[in-house]
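Q: Let me give you the structure first, and then I'll get to my questions.
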Number of protein chains: 2
Amino acid sequence: MANRELNQKNSYTISELADELEISPSSIRFYEDKGLIRPQRTPGNQRLYMKKHRARLKMILRGKRFGFTLDEIGEMIGMEDMQMNEVEQINRSQMFFDKKIEEIRYRRAELDYMEKDLLSFKQKLERRRKELNHKK
Amino acid sequence: MANRELNQKNSYTISELADELEISPSSIRFYEDKGLIRPQRTPGNQRLYMKKHRARLKMILRGKRFGFTLDEIGEMIGMEDMQMNEVEQINRSQMFFDKKIEEIRYRRAELDYMEKDLLSFKQKLERRRKELNHKK
DNA sequence: CATAAAGTTAAAGTTAACTTTAAATATTAT
DNA sequence: ATAATATTTAAAGTTAACTTTAACTTTATG
């Protein structure tokens, strides 16, 4: 199957998407069980993913990469099926988002600490190496 | 027991430390089982933690906060018992550290993406809210 | 000094996030 | 048309990171 136009793809089978995102098909099904994605189905009942599903999965993976649980990720991005009508609903989401954004900023600060810790450990090793070199 | 001098503490029982770090004593024991900390013992065989153990635990928690596994954390900071003699040992650690630092930078970039995603979602909600307000 | 509170170990239990398996159906390639 | 390959579901199995429990021992307090 030749690529239509320079790698353009606008629908995927489960394993195509899995390959592209380097996760297993069963993980994708698992995320579906948890209510995080809801792909279309082909007439033969097989899952069919569009670009928006791919984007959604990328967000899920990004969230996972530093410790958000699937439930948290669900709260964060899981409003796909939200009716978006109720203003109050929106207000509630705003508050949630503000909290999450704050959390992200906190985590970034922690990453800075961590980098500092590692760098200072590295320097400790460096000094020790020089010490040993000197003695010889 | 009054504080010695303005909250100065240089040794802790397991539950004192647990309280301060807001984790359970059994988590601390669990980290010990995994070889991540090795506290002193009192004559009666109870664990006794010094400042360096507290610092170490903080690093463990920091690592955990964005998805490093305990094993990874162990590789990262677990060289407490390292003899620090072999230059080759040090070189190996250097490489490991460089890799980890790179990883941290990558994660920070991801946090930036995530924040952008959230902010754009938030704006979408904001627009929708205005739309609704207008219609009324 | 007696007893309550805190600590110890080893082992079993729990939860989240998957993975594997099995048995059936669908799609693709020859 | 048929054989090979991919998907589907439901259920069981796995792993990391804890937590709980049970049966004791040590330390603190009235």
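Each value in this text was obtained by applying a stated rule to the coordinates, not by laboratory testing. Please read these numbers as outputs of a predicted model, since none were measured by experiment. When we count neighbours, we look across all protein chains shown, and the Cβ atoms used for this are built from the backbone with ideal geometry, even at glycine.
Q: If you add up the charges near A:R105, with Lys and Arg at +1 and Asp and Glu at -1, over every other residue whose beta carbon is less than 12 angstrom from its beta carbon, what do you get? Walk me through the intermediate numbers first.
A: Numbers: positive: A:K99, A:K100, A:R107, A:R108, B:R108; negative: A:D98, A:E102, A:E103, A:E110, A:D112, B:D112, B:E115.
Around A:R105, the charge tally is -2.
Q: Other chains near B:55-65: what is the mean number of their Cβ atoms within 10 Å of each residue's Cβ? Walk me through the numbers on the way to the answer.
A: Numbers: counts 1, 0, 0, 2, 5, 0, 1, 5, 4, 1, 7.
Across B:55-65, the average partner-chain Cβ count within 10 Å equals 2.
Q: In addition: List, shortest first and in nm to one decimal, how far the label point of B:E20 (7 Å from Cα along Cα→Cβ) is from its counterparts in the other copies.
A: Its label point is 5.1 nm from the equivalent points in the other copies.
Q: Same structure again: Please label the shape of segment B:1-67 as rounded, prolate or oblate, based on the square roots a ≥ b ≥ c of the eigenvalues of the alpha-carbon gyration tensor (a/c under 1.5 means rounded; beyond that, a/b larger than b/c means prolate, else oblate). Present the calculation step by step, with values, prior to reporting the outcome.
A: Details: a/c = 2.04, a/b = 1.30, b/c = 1.57.
Judged from the Cα gyration tensor, segment B:1-67 comes out oblate (a/c at least 1.5, b/c at or above a/b).
Q: Follow-up. Summarise the partner chain shielding of A:43-52 as one whole number: the mean count of Cβ atoms from other chains within 10 Å of each residue's Cβ.
A: On the way: counts 0, 0, 0, 0, 0, 0, 0, 0, 0, 0.
Average per residue, whole number: 0.
Q: Which distances in nm, rounded to one decimal and ordered from shortest, link the label point of A:M50 to the equivalent label points in the other identical copies, with labels set 7 Å from Cα toward Cβ?
A: Label point to label point, same position, other copies: 6.4 nm.
Q: List, shortest first and in nm to one decimal, how far the label point of B:R128 (7 Å from Cα along Cα→Cβ) is from its counterparts in the other copies.
A: Nearest first, the other copies' label points are 5.4 nm away.
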